[in-house]
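Undergrad: First, the structure itself, so that you have it in front of you.
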Amino acid sequence: MMNLNALKVDPEFQGKIPPLTFEELNQLEANILRDGRIINPIIVWEGLIVDGHNRFIIAKKHPEIPFTVHETEFANRYEAIIWICKNQLGRRNLTPEQKKYLIGKQYEAEKCVNGGDRKSSAAKSGGHFDHLIKHEKTRGRIARETNTTDSFVRRAEHFAKGVDAAEEAVPGTRRKVLSGEVKPTAAEIASVARAPPEERPALVAEICKPKDQKKAAAVETTSSPAAKPLSDSSTSEGESTDEELVHTPAPQEQTFPQRVNEPLKIDRQQILEIANSRYVPKRLADGTAMLCEVSGAANSMMRRWESVFREYPDILSDAENRASVGRTIQKLRDYLKNLEDKMEELL
């Protein structure tokens, strides 16, 4: 039986695996203790776990439980990620968001394996690149394998990039999105990846707002004097000339073809009201919105520390490691004390 300390958790690999709920993890642990062994092997590549992260956690918690390790071979990290995504897509209890994320990450990795960047000068020079698989073919094959469509795979890639960008900006966001706790639109999550890094935390904070807060903000901005309603004129200022404004008579209202012998007139005022109600100017996140990030950062730190301490208990048992943790804790204490002093000064 391989030494557990020889196995390592790779954050990128682990991030592709939908986490178990608290109840599911407890049930898995109960099943293993009942069986007296970990039946399914922990699969590794070059010492890195590619499948069996939860079994690894339980094995470290119960070192007396026997387990097995299966070593596999991949040409590179991209092939390992492809395998992880395909393996997880075989699960039956995936949320729609988890499935979409995995398909997007598989497509992203397969593009790297099957040719990489075709926008480089070498690729454009007309050299021999017959071995490269076209993106369209890769997309079509993944669509067939996952019972989706070509366009779904493309959208899934944008979704996955947005989720990863949101996670990098505010740790813990990926879990919220993939579990369905937060349900951003495709446009909202894709916008995070396109935004400059310094603007991403504010975007994530807005995405993580409860629906009722989003609706309230939309109503407030729509009714605000800052909103820019459409003018009740048939042409914009830039499209009209002085001569047109003075001499051109107002056009008569058009009518639709008669239906059931009754003319249907265009209600111009109603159209303008609908258009104005849809106009929502952009707003910068304020302090209230960013409280979500402050709270999320604290929760993320505690959760990540607990995960590390649980998976690597020698951090607390080893004297040198324990001293290093103590120095980090002291640094945090100093920071929090300075923050408290600043808050008291503002009272």
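Undergrad: In segment 38-47, is there at least one residue being in contact (Cβ under 8 Å) with a residue 60 or more places away in the chain, within 22 Å of Phe309 (Cα to Cα) and not assigned by TED's automatic domain parsing to the domain that holds Ala156?
TA: no
Undergrad: Return the residue satisfying two criteria in turn: it lies in segment 184-193 and is surrounded by 13 or more Cβ atoms within 10 Å (Cβ to Cβ) and of a type outside the set (Asp, Glu), and of such residues it is farthest from Glu157 (Cα to Cα).
TA: Pro184
Table: residues versus (1) under 12 Å from the mean Cα position of the chain (by Cα); (2) outside any helix (DSSP H, G or I); (3) within 18 Å of Pro19 (Cβ to Cβ); (4) outside the structural domain of Trp83 (by TED's automatic domain parsing).
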| site | (1), (2), (3), (4) |
| --- | --- |
| Arg139 | no, no, no, no |
| Glu157 | yes, no, no, no |
| Val163 | yes, no, yes, no |
| Glu168 | yes, no, yes, no |
| Pro171 | yes, yes, yes, no |
| Leu178 | yes, no, yes, no |
| Val182 | yes, yes, yes, no |
| Pro201 | no, no, no, no |
| Val204 | yes, no, no, no |
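Undergrad: Taking segment 7-26 only, how many residues are loosely packed, with under 12 Cβ neighbours inside 10 Å and either modelled with pLDDT under 85 or over 14 Å from Ala59 (Cα atoms) (or both)?
TA: Total meeting the criteria: 4.
Undergrad: Hey, could you check segment 121-137 for residues that are exposed (fewer than 13 other Cβ atoms within 10 Å of the Cβ) and assigned to a helix (DSSP H, G or I) and say which is modelled with the lowest pLDDT?
TA: Taking the candidates together, the pick is Ala122.
Undergrad: Under 8 Å between Cβ atoms, at least 6 apart or on separate chains: pull out the pairs that start in segment 324-347 with a residue that is over 19 Å from Val294 (Cα atoms) and end on any residue that is at pLDDT below 85.
TA: Final answer for the pair search is Val325/Ile315; Val325/Leu316.
Undergrad: Here's something else I'd like to know. Mind listing whichever residues of segment 293-347 are of a type outside the set (Phe, Trp, Tyr), under 22 Å from Gly172 (Cα atoms) and in contact with a helix residue (DSSP H, G or I) (Cβ under 8 Å, 6 or more places away or on another chain)?
TA: Glu293, Gly296, Val308, Arg310, Glu311
Undergrad: If you go through segment 310-321, how many residues are surrounded by 13 or more Cβ atoms within 10 Å (Cβ to Cβ) and part of a helix (DSSP H, G or I)?
TA: 3
The values are calculated or read from the model by the stated rules, or taken from the named source; none is laboratory data. It should be emphasised that the depicted structure is a prediction, and the values quoted were computed from it without experimental measurement. Virtual Cβ from ideal backbone geometry, glycine too; neighbours counted across all protein chains shown.
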